[in-house]
Amino acid sequence: MNKVICTLLLSGLLAGFYSCNNSVHKPEYRGLIADNGMVVSAHPEASEVGKRILENGGTAMDAACAVEFALSVVYPAAGNIGGGGFWIVRTADGDLAALDFREKAPDAAYRNMYLDDDEEVIRGSSTSTILASGIPGTVAGMAKGMEKFGTLPWADLLNPAIELAEKGFPLTASQARSLNGLKRSLITRNTWRTSFIRETLWQANDTLRQPELAETLKRIRDNGRDGFYKGETARLIVEQMEELDGLITIEDLAAYEAQWREPVVGNYNGYEFVSMPPPSSGGIALGQLFNIVAEYPLAEYGFHSIEAIHLMAEAERRVYADRAEWLGDDDYFDVPRKELLSPKYLKDRAGEIDMNKATNSEEVSAMQMIPEESEETTHYSIVDQWGNAVAATTTLNGGYGNRIMVKGAGFLLNNEMDDFSIKPGFPNVYGLIGGDANAIQAGKRMLSSMTPTIVNKDNELFMVVGSPGGSTIITSVFQTILNVVDFNMGMQEAVDASRFHHQCFPDQISVETDGLDSLTIVNLEAMGHKIKPRGKIGRVDAILVLDDGKLEAGADKRGDDAAKGH
Ligand code: GLY
């Protein structure tokens, strides 16, 4: 018997063992359980703000707005008013909505803006300079969200964030480490001392105060969206642009609009998922993944069985190939949604998979690579006492965006322009490329992977889920949902379970260190997969509605994430 047959036989036995195990599997442990409402976010202070809004009679949408502003204070790595994001909303009546407050390219942006005269990429220009910033969307998004869904006064949603900025909050140990690591780039990229800089190193539980940010938040509280896009804040942003030769103008700011979009809705094994349409690739990619794996008995294969990992990685490989070619802002590029989600096309895609052998990514698509995205984004999930739910993902793109703070306004700018294909058709500075669909154009939104998602079962709310993680967002959300619906895990267990990721190029399965046992790795390698250990994948914050109607939180232990319920 040769080595491959031998390992495949072994994998069959092993898969049998895992499926057997899975069929009797019950959630081993649970996350926080609450009777009425739940907030799960990347920071305990932000979750606490959301919980207080819920306790005071606010809805999940009110709480989401307050959490978004609180995260801009207590989680400056990704929480923001200088960035953008998406909400998926499900009302207690079952109405669905998708809110797009993604950043936009300024009016002066153009396709080759990050290339020199020789059409070579200017290293760092789309990530670490003022040119990296798109027009921020968060404040307009919150105003639009509250115009439709708000029940509490706008000021009540801003005041908790203002208090946290004014009085300060205790840094977690990982935040202290992260700010210490940031010191040099903050000093280099800002000509004055920001709130994040001090002589001595930050320690856990040190208080971080942000008085300038508090003043900006007060202007937003008192003037709504105009407190950001007009007047003093807009003036400070534009002054910063002029000082550093940035592109965003007063007109760009005044013209920015958040948009309501039609969510992507689909089904998987009796569950309905609702997720984000373009300019995110998340919803379409998730729909494709579910349709492809639905052609196989995934639940029988079992959690982290060889077959399950192989099938999911092969599905991911194909979906990321399509993403690179076909996904972009469909206000500017005709995204073939219907075709990408066509059952026949996805059945054919599923049929391409050889269950004994890894496909070579070069054979899946002519596209070479996709833009690699920074993994610093943040997600929060909220459910209220009436059953309204919000899945929200928001970002500055890189950790602390481009690390340029608006002088006098106390907030960081995003570097989201790097989510465009900065050099369509050719590898960018990260050795990656995208297609025309995501080329830079004035006013266009850059393609995202953010995948805030709500899952329903029998027309009732079942799960609220999402993650940061750049291109790994989609697979993190996909795997977390499968962990519950196919592998019978509870919410916390599903969130804690180790993850893996395939994005077509590079042609490898990235696996969290120690996430798979060595025998499984050997078997996958025998099938032709390249296995690459890496650090954490995603940081999922999710809520599950249990059979008795109670809510179970899944707050990702990979970070400081915290659930607060009532
Ligand atoms: N900047 C990460 C994303 O939007 O996917």
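Quick rundown of the values:
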item: Taking the convex hull of Cα positions in the stretch 294-414, its mean projected area over all directions (nm²); result: 12.5
item: Dipole of the chain [Lys/Arg +1, Asp/Glu -1 at C-beta], most positive-end residue of S305, N456, Y256; result: S305
item: Inter-centroid distance (Cα atoms) of the stretch 465-503 relative to the stretch 86-116, Å; result: 23
item: Over the chain, volume per residue of the alpha carbon convex hull, in Å³; result: 135
item: Sorted peptide list for 440-446, 256-262, 466-472, 308-314, criterion being average Cβ within 10 angstrom, highest first; result: 466-472, 308-314, 440-446, 256-262
item: Mean Cα-pair separation over length for the chain, i.e. relative contact order, pairs under 8 Å, 6 or more apart, %; result: 26
item: Furthest towards positive pole of dipole, P533, A553, A563, structure part the stretch 524-566, Cβ charges; result: P533
item: Cα convex hull of the stretch 438-519 - mean projected area over all directions, nm²; result: 8.0
item: Given K51/K144; K536/K564; K51/K457; K344/K457; K536/K557; K167/K218, the pairs whose alpha carbons are separated by over 18 Å; result: K51/K144; K536/K564; K51/K457; K344/K457
item: The stretch 89-217 - Rg and Dmax from Cα coordinates, angstrom; result: 19.5, 57
item: At R0 = 25 Å, FRET efficiency that the Cβ-Cβ distance of N56 and R30 yields, to 0.05; result: 0.40
item: Charge tally in the Cβ shell below 12 Å around L217, where Lys, Arg are +1 and Asp, Glu are -1, L217 excluded; result: -3
item: Of G490, L171, N414, farthest towards positive along the dipole that unit charges on Lys, Arg, Asp, Glu beta carbons give the chain; result: L171
item: Whether the stretch 419-566 is rounded, prolate or oblate, judged on the alpha carbon gyration tensor where a/c under 1.5 counts as rounded; result: oblate
item: Cβ charges +1 (Lys, Arg) and -1 (Asp, Glu), total dipole of the chain, debye; result: 920
item: Segment T188-Y110, extension gain: residue separation times 0.36 nm, minus the distance between their alpha carbons; result: 25.4 nm
item: FRET efficiency estimate (nearest 0.05) - Cβ-Cβ, K338 to A155, R0 51 angstrom; result: 0.70
item: Whichever lysines have a C-alpha closer than 24 Å to that of K423, once near sequence neighbours (fewer than 8 apart) are set aside; result: K104, K444
item: Rg over Rh [alpha-carbon atoms, Kirkwood Rh] for the stretch 187-251; result: 1.06
item: Separation between Cα centres of the stretch 512-549 and the stretch 209-259, rounded to whole Å; result: 41
item: Ratio Rg/Rh, restricted to the stretch 160-216 and using Cα atoms, in which Rh is the Kirkwood radius; result: 0.97
item: Accessible area of the chain divided out per residue, in Å², using a probe of 1.4 angstrom; result: 36
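The values are calculated or read from the model by the stated rules, or taken from the named source; none is laboratory data. Just so it is clear, the structure is predicted and the values come from calculations on it, not from any experiment. Neighbour counts run over all protein chains shown; Cβ positions are idealised from the backbone, glycine included. These area figures cover heavy atoms from the full protein model, side chains too; ligands, DNA and RNA do not enter into them. Shrake-Rupley method; radii C 1.70, N 1.55, O 1.52, S 1.80 Å.
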